[in-house]
Amino acid sequence: MKVFEANITHLVSDFFKENLKKIMSFAVANQKMFDAFGIKLFFDNNEEFEILKEIIFNTNNIVEEPDRAEYGDFQTNADLASKVTLHLASKNISPKIIVEPTCGKGNFIIASLKNFKNVQQIYGVEIYKPYIWETKFNIVNFFLENPTSNKPEIIVSHSNVFDFDFTQIEKQYSKEDILIIGNPPWVTNSKLGSLNSSNLPKKTNFKNHNGLDAMTGKGNFDIAESITLTMIKNFQKMRGNILLLVKNSVIKNIVFDQNKNQYKIASIEKQCIDSKKEFNVSVEASLFYCKLNSIPEFDCKEFNFYNNKNSYQKFGWINDKFVSNIEAYTNTKDIDGMSPYVWRQGLKHDCSAIMELDKVNEYYVNGLNEKVKLEDGIVYGILKSSDLKNTVIKQTRKFTIVTQKKVGQNTNYIKTEYPETFKYLKEHQTNFDARKSSIYNSKPLFSIFGIGDYSFKPYKVAISGLYKTFHFTLILPQDNKPVMLDDTCYLIGFDKIEFAVYALILLNSETTMRFLQSVTFADAKRTFTKDVLMRIDLLALAKSINQKYLQMELTRLNEMYNFNLSLNLWVIFMKDMIPVNNGQIEMFA
Ligand SMILES: C[S@@+](CC[C@H](N)C(=O)[O-])C[C@H]1O[C@@H](n2cnc3c(N)ncnc32)[C@H](O)[C@@H]1O
């Protein structure tokens, strides 16, 4: 049965039937509800009271569920809420004051009533009125089932969390133990933008993102992050704890920003939960826990909430670096520096239907399934992230037309030097003109990006930016032409195969893998970025590598791929990586 669009149990509706029938005023009803259950201002006005009575005595109530996408509505199930509160109780957390900033149907409030025995005051805030009712009905139901249970004073406020004044709670109970508990909305500001919703903090730009960040997605934030930060900021000086269920990215951002915010929080934990099981969604989410009123800490221990013995790793700040695994980082930090080679992103054309080609006998076949004849001159083999599975690649599945040797180069030469290719490109000019990205505006016809001298180096070592495989691949020329990589890959290029193979061995060493594992985050859209790869100090790695290991790996590669390489160029390779001192440092020192 539903009242005010809120579920109500038979136990609660029977209670109302028996106890409110003869009451004529909402003020008297409110006093009765407070005396019986501790809930303040149960009814806002007489009209609500009368409607409730009318509905209770007329049971035909079928209400359609509205679309609640803008409210990031994923109600925590009662079982999980109970486990979470029991987990806190097992840490000897016994709050006097409880705040649930977006309480929904109130499952964390009920779980708190069940598992914390010293609670004196509970505040729940929720924007959606039917949930306010459902929370109140659930509280009534709880006390009807558990009449001897401790009865704190309870205020369930129908309010936008961004308008609610939490400072008054902080002022009134500054000496008490507080627990902030809940599961704030799972929705980002960009999703709200697409829904035309105004469910945002007043200061939407709360991280001071500029317009460019907003365009690149860095300005996209979860409103749960804003709510969590509001709670930390407001209650950091009170004794107590925070436990909020949020996306993993929110926890990462909070710990990252802690370096600048220096909030008085410590013992920060990320308790990973199974969102598929709990919420039937595929989103990485965890319980964020921290202790308030503490000397600020800057790292976060990670646990599996269901098997809560030991933390399996710790991420956060160590010295001035933000890393995903502090222990692994500590063991490999000597190679955290500056790569002597510049890592580059592969080629970008945004026109795969025309530019991505298969080779069938002497023809190429494009994404529109058209058979085309092209001169081989500017057609090159190309690899995508998904191709970079093996350690050495000699052959590509796909081909592409490399229209320029560097960004912005005039493309008129194609007409005279490669007339068939020009004809093909020209016939499909509309596909090029339809490219959305503004980077192609006012650029020569058929322009590409991610191209330069480095693209034409014969030997490349590359990694996929998208996959979570910590494995580098050596790419050899195909038909005496360098092979290209697409823009989901990162590469360094070499003129000598020996240098490329030495770099490959260093990059695929245990030390590099552990280092990369320690500085990359599993939930990042791109596991590897240019920034991360530029941190690998290949020279430091080369200096520390075990020579026996080096020789062993070289022999293995020689045998597997029919190379005949030696370590004769190793010393030159090392010298090549030493930065050239051009005297400028001394001049400006
Ligand atoms: C992820 S649900 C969780 C509800 C509850 N905390 C729980 O754990 O079951 C988020 C809740 O936040 C509420 N909400 C969304 N935006 C809000 C806002 N601006 N102010 C208050 N509540 C809001 C939604 O209606 C929804 O009930």
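Bear in mind that the values in this text are calculations on the coordinates, not laboratory data. Values in this document were obtained by computation on a predicted structure and should not be read as measured data. Note that we place each Cβ from the backbone using ideal geometry, even for glycine, and neighbour counts take in every protein chain shown.
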Which listed pairs, of LYS277/LYS384; LYS314/LYS460; LYS17/LYS276; LYS151/LYS237, have C-alpha distances above 30 Å, in listed order:
LYS277/LYS384; LYS314/LYS460; LYS17/LYS276
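What does the extension gain come out to for ALA353 and MET560, with contour length at 0.36 nm per residue minus their alpha carbon separation?
Here the segment from ALA353 to MET560 would lengthen by 70.9 nm.
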For segment 69-333, what does the relative contact order come out to in percent, with C-alpha contacts under 8 Å and a separation of six or more?
15
Env charge @ LYS373, Cβ radius under 10 Å, K,R +1 / D,E -1, value -1
Specify which residue in the list ASN508, ILE51, SER25 is farthest towards the positive end of the charge dipole of the chain, using unit charges on the beta carbon of Lys, Arg (+1) and Asp, Glu (-1), about the Cα centre.
ASN508
Convex hull over the alpha-carbon atoms of the chain: what's its volume per residue in Å³?
214
Only helical DSSP H runs with n ≥ 4 go in: add -39500 (n - 2.57) per run for the chain, normalise by residue count and round the 222 nm mean residue ellipticity to 500 deg cm²/dmol.
-10500 deg cm²/dmol
Where nothing but the Cβ of Lys and Arg (+1) and of Asp and Glu (-1) is charged, how large is the charge dipole of the chain around its Cα centre, in debye to the nearest 20?
900
Non-local residues with an amide H under 5 Å from the amide H of LEU485, with H modelled 1.01 Å from N and Pro and chain starts lacking one, are LEU347, LEU383
Residues with amide H under 5 Å from that of GLN313, placed H, sequence gap 5 or more
GLU302
What FRET efficiency do you get for LYS389 and LYS2 if R0 is 45 Å and r is their Cβ-Cβ distance, rounded to the nearest 0.05?
0.25
For ALA524, project a label point 7 Å along Cα to C-beta. Then give me every residue of segment 457-477 with its amide nitrogen under 12 Å of that point.
465-468
Roughly how big is segment 490-589's charge dipole about its Cα centre, with Cβ charges of +1 (Lys, Arg) and -1 (Asp, Glu), in debye to the nearest 20?
160
Phi to ³J(HN,Hα) by Karplus 6.51 cos²θ - 1.76 cosθ + 1.60 over segment 468-481, Hz, x for Gly, Pro:
9, 8, 8, 9, 9, 10, 8, 10, 9, x, 10, 6, 6, 10
Counting Lys and Arg as +1 and Asp and Glu as -1 over every other residue whose Cβ sits under 14 Å from the Cβ of THR391, the net charge comes to +1
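Just order 141-150, 487-496 by mean Cβ neighbour count inside 10 Å, highest at the front, would you?
Averaged packing, sorted descending, gives the order 487-496, 141-150.
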Taking K and R as +1 and D and E as -1, what net charge do the other residues with C-beta under 14 Å from the C-beta of ALA27 add up to?
-3
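One quarter of the convex hull surface, Cα atoms only: what value does that give for segment 2-57 in nm²?
For segment 2-57, averaging the hull's shadow over all directions gives 3.6 nm².
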Too long for a 21 Å Cα-Cα cut-off, among LYS309/LYS525; LYS40/LYS96; LYS96/LYS171; LYS426/LYS457; LYS406/LYS443; LYS371/LYS406, are LYS309/LYS525; LYS426/LYS457; LYS371/LYS406
